[in-house]
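Got a structure here, written out as structure tokens. Questions coming.
The values are calculated or read from the model by the stated rules, or taken from the named source; none is laboratory data. Please read these numbers as outputs of a predicted model, since none were measured by experiment. Positions of Cβ are backbone-derived with ideal geometry, glycine not excepted, and every protein chain shown enters the neighbour counts. Areas reflect the complete protein model, heavy atoms only, side chains present, ligands, DNA and RNA absent. Shrake-Rupley method; radii C 1.70, N 1.55, O 1.52, S 1.80 Å.
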Amino acid sequence: MKITIEQIPDTFEKFEEMADTQRTPELVCVLFLCALALFIRNREDGIAAMNLLRGPRPMQPMDSQFLQDRLRGKAYLPFAYYEGASPRNNYQPGIPYVLSIQEDPRPQDIEPGYLRLFLNTAGADSPRPIKLRPKQSTGDWFLCAYSSILRPLPIPARPHPSASPVRLPSPASSPSLSFVPALPSLFPSSTIP
């Protein structure tokens, strides 16, 4: 399945506006990449965005440090998962931003009540997992585990600091989303309160 966004939010307010809808698993995946880009741009806004995605398990100082360590010198990393991005083009995705998401080929291997999806990137040999959990009372999905998404990728073709590895998004008054097609409900009765 694929999810498309027109712009990457450049403030927490715009991120919050984008997230202010039923949080499906595929939306949480794209919002996570947006939160990483926001973290690079503005650490405090990025932490607020991550807290929104993590729900009742907010970021701790060591979580923020983990993100900072993994993203240091890698402003391209959140963009590497969108279609069109590759090490040869400095991980410049096409616009609109299209994220390809794969369902878990082995759902029986994950504990009940959780969902594992895989994000594609031209910078890795295989898709990388992201783990989500639902909240029964709202039907929203939340970020649970994501460290594989932050693993190193091949260095872009032009890693020199003066070479802009990513296009910074232009300010947007209202980021828009489109979905192609939605995930079926995989956990209708086994959700976490």
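Using the Cα centre of the stretch 1-120 as the reference point, and only Cβ charges (+1 on K/R, -1 on D/E), how large is the resulting charge dipole? Debye, rounded to the nearest 20.
Numbers: 13 positive and 16 negative charges, 86 e Å.
For this selection, approximately 420 debye.
Now, a different point. Taking θ = phi - 60°, what integer Hz values does the Karplus form 6.51 cos²θ - 1.76 cosθ + 1.60 yield along the stretch 18-27, in sequence order, with x for Gly and Pro?
Listing the rounded values in order: 5, 7, 7, 7, 4, 7, 7, x, 5, 5 Hz.
Can you give the relative contact order of the stretch 1-74 as a percent, counting alpha carbon pairs under 8 Å and 6+ residues apart?
Rounded, it is 25 percent for the stretch 1-74.
Something else about it: How would Ile155, Ile47, Ile3, Ile40 rank on accessible area, largest to smallest, probe 1.4 Å?
On the way: Ile155 120, Ile47 30, Ile3 0, Ile40 65 Å².
Listed by decreasing accessible area, they come as Ile155, Ile40, Ile47, Ile3.
Determine the order of Lys2, Lys131 by accessible area, beginning with the largest, at a probe radius of 1.4 Å.
Working: Lys2 85, Lys131 45 Å².
Largest to smallest exposure gives the sequence Lys2, Lys131.
Sorting Asp125, Asp109 by accessible area (1.4 Å probe), largest first, what list results?
Values: Asp125 170, Asp109 80 Å².
Final ranking, largest accessible area leading: Asp125, Asp109.
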